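Colleague: Mind having a look at this structure? Questions to follow.
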Amino acid sequence: MPGKHLTFEIIEIGAVKLNENMEVISTFSRLVRPQVYRELHYKISQVTHITMDELRQNGQPFEEVMKAFEEWCGAEAVYCTWGPMDLTELQKNVAYFGMENPFPNPLLYYDIQKLYGLLEKDGKEKAALDTAVKELGIEEDRPFHQAFDDACYTAEVMKRLDWEKAEPYISMDYYRLPQNRKEEVFLRFPQYTKYVSRVFDTREEAIADRRVTDMVCTVCRKTMKKKIWWFPSGQRAYLCLSGCREHGLHKGKIHIRRAENGKVFVVKTIKPVDEEGAAEISLKKEEERKKRNERNRQKRIERKKHKKEA
């Protein structure tokens with residue numbers, strides 16, 4: 001089979017289709033007969049209450065189920081999931097079984113878990129689906145943790161969100177990434193902008209790229225002058241502070257992420273900050289400087305120790 005490894009073999013595809021009024025107009029629910037793994041992990045069986053015997057008897061090959069799902073979705077589908085993993089794992093299975101990827105590239109979708117946290121919890125918490133259902137007072141008339149049932153609950157959560165506020169906050173799936181400058185993605189949101197770079201061989205190559213490090217005003221789109229140059233913040237992040245003459249201070253944050261092929265790509269966000277936010281960035285830079293100096297001091301001590309031992 002194509003591909004060397006499949007971490008998660010899909011055993012069920014379940015979805016509901018909503019119209020513009022958030023009314024259910026169609027449903028899809030199919031079990032998938034496993035072809036890679038002979039046994040279900042005990043936690044999967046415990047949570048989903050699905051058995052391997054049931055999958056062997058009632059499931060269909062992934063290729064058949066995926067083809068039927070693709071036709072059911074239609075070309076104009078807008079995908080919505082609870083959390084960021086479902087579409088990624090679905091595409092991994094598609095690739096493993098040698099099928100053509102049916103999704104648009106870039107694949108933009110709505111992460112309902114993120115939207116629920118943003119609109120109901122000020123963006124500070126990622127709630128589990130069953131928690132959101134309880135908090136919204138949705139009737140629990142079916143079990144959780146099976147694909148179709150969770151899709152039904154996700155639809156119920158969607159019905160209760162303010163979509164005038166939610167609609168701008170589209171997410172991007174990172175399974176297939178830009179391969180050149182023309183394919184790089186720029187997204188604008190009400191409070192910030194996001195840039196997804198092409199893939200680079202190394203972190204150093206990514207950070208050396210000017211488009212990666214440029215700071216562009218979220219309002220007028222002019223390149224801003226940097227007040228605090230990019231500095232490391234943790235293992236895979238960088239921070240920056242820039243200023244626009246017309247629209248004030250902006251915070252930049254770069255996340256270095258690992259691509260499926262082992263290379264790296266950048267997700268950069270830029271958003272306005274006040275003086276307090278700017279002071280926090282300055283403080284973090286000073287903390288990182290102290291940590292770096294301490295690491296260098298420890299290295300000098302270790303070198304001296306090794307020389308004495310030699």
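Colleague: In whole Å, what three semi-axes, largest first, describe the equivalent ellipsoid of the stretch 179-234 built from its Cα gyration tensor (square root of 5 times each eigenvalue)?
Modeller: Output for the stretch 179-234: semi-axes of 20, 17, 10 Å.
Colleague: Between Glu89 and Phe8, what is 0.36 nm times their sequence separation minus the Cα-Cα distance? Round to one decimal in nm. Numbers along the way, then the final one.
Modeller: Values: separation 81, 0.36 × 81 = 29.16 nm, distance 0.70 nm.
Residue separation times 0.36 nm, minus the Cα-Cα distance, leaves 28.5 nm.
Colleague: Counting Lys +1, Arg +1, Asp -1, Glu -1, what net charge surrounds Pro143 among other residues with beta carbon under 11 Å of its beta carbon?
Modeller: Charge balance near Pro143 sits at -4.
Colleague: Could you work out, for the stretch 83-150, what percent of all Cα-Cα pairs fall into each 5 Å distance bin, beginning at 0 Å and stopping at the bin that holds the largest distance?
Modeller: Whole-percent P(r) values from 0 Å outward: 3, 13, 19, 19, 17, 13, 10, 5, 1.
Colleague: According to a simple spin-label model (label point 7 Å from Cα along Cα-to-Cβ), what is the distance in nm between Val24 and Gln60?
Modeller: 2.0 nm
Colleague: Next question, about the same structure. Under 21 Å Cα-Cα from Lys308, which lysines qualify once same-chain neighbours fewer than 8 residues away are excluded?
Modeller: Here the lysines satisfying the reach criterion relative to Lys308 are Lys299.
Colleague: Still on this model: Over the alpha carbons of the stretch 1-143, what is the largest minus smallest coordinate on each principal axis, giving the biggest first in Å?
Modeller: Over the stretch 1-143, Cα extents along the principal axes are 45, 35, 29 Å.
Colleague: Okay, next question. Could you look at the stretch 43-149 and say what percent of its accessible area is carbon and sulfur, using a 1.4 Å probe and all protein chains? Intermediate results must be reported in sequence, preceding the final value.
Modeller: On the way: 2720 of 5790 Å².
Answer for the stretch 43-149 is 47 percent, counting heavy atoms of protein chains only.
Colleague: Turning to a different aspect of this structure: Could you pull out every one of the lysines with an alpha carbon less than 22 Å from that of Lys92, ignoring same-chain neighbours closer than 8 positions?
Modeller: Excluding near neighbours in sequence, the set is Lys4, Lys43, Lys67, Lys263.
Colleague: Which three extents, in whole angstrom, do the alpha-carbon atoms of the stretch 155-270 cover along their principal axes, largest first?
Modeller: Projected onto the principal axes, the Cα atoms of the stretch 155-270 cover 45, 41, 29 Å.
Colleague: At 7 Å along the Cα-to-beta-carbon direction for both Val36 and Arg210, put a label point, then send me their distance in nm to one decimal.
Modeller: 4.3 nm
Colleague: Out of every Cα pair in the stretch 235-310, what percent are spaced more than 17 Å from each other?
Modeller: Summing the P(r) of the stretch 235-310 above 17 Å gives 63 percent of all pairs.
Colleague: Can you give me the Cα centroid spacing of the stretch 17-76 and the stretch 220-235 in angstrom?
Modeller: Cα centroid to Cα centroid, the span is 45 Å.
Colleague: Additional query: Test of understanding: express the Cα radius of gyration of the stretch 137-177 as a ratio to 2.2 N^0.38 Å, with N the residue count.
Modeller: Here the Cα radius of gyration is 1.50 times the empirical estimate.
Colleague: Once you put a point 7 Å from the Cα of Thr223 and another 7 Å from the Cα of Arg236, both along the Cβ direction, what distance in nm separates them?
Modeller: In this crude label model, Thr223 to Arg236 measures out at 2.9 nm.
Colleague: Assuming a viscosity of 1.567 mPa s and a temperature of 4 °C, what translational diffusion coefficient in µm² per second does Stokes-Einstein assign to the chain, Rh being the Kirkwood radius over Cα pairs?
Modeller: 57 µm²/s
Colleague: Cross-link candidates for Lys305: which lysines have Cα within less than 23 Å, leaving aside residues fewer than 8 places away along the same chain?
Modeller: Hits, sequence-local ones excluded: Lys290, Lys291.
Colleague: Using R₀ = 51 Å, calculate the FRET efficiency as 1/(1 + (r/R₀)^6) where r is the Cβ-Cβ separation of Asn101 and Glu288; round to 0.05.
Modeller: 0.80
Colleague: Still on this structure: Give me the percent relative contact order of the chain, please, defined on Cα pairs under 8 angstrom at least 6 residues apart.
Modeller: Across the chain, relative contact order equals 12 percent.
Colleague: Let me ask you something else. Whole percent per 5 Å bin, from 0 to the bin with the longest distance: what is P(r) over all C-alpha pairs of the stretch 123-205?
Modeller: Result, from short to long distances: 3, 10, 16, 15, 14, 13, 12, 9, 5, 2, 0 percent.
Colleague: A follow-up question, please. For a quick check of your reading of the filter: which GluC sites (Glu not before Pro) in the stretch 209-310 sit in a DSSP loop and have no more than 15 other Cβ atoms within 10 Å?
Modeller: In loop regions of the stretch 209-310 (DSSP not H, G, I, E or B), the sparsely surrounded GluC sites (Glu not before Pro) are Glu246, Glu260.
The values are calculated or read from the model by the stated rules, or taken from the named source; none is laboratory data. Everything numeric here is computed off the predicted structure, so don't read it as measured data. Virtual Cβ from ideal backbone geometry, glycine too; neighbours counted across all protein chains shown. Heads up: the accessible areas ignore ligands, DNA and RNA and are worked out on the full protein's heavy atoms, side chains in. Shrake-Rupley method; radii C 1.70, N 1.55, O 1.52, S 1.80 Å.
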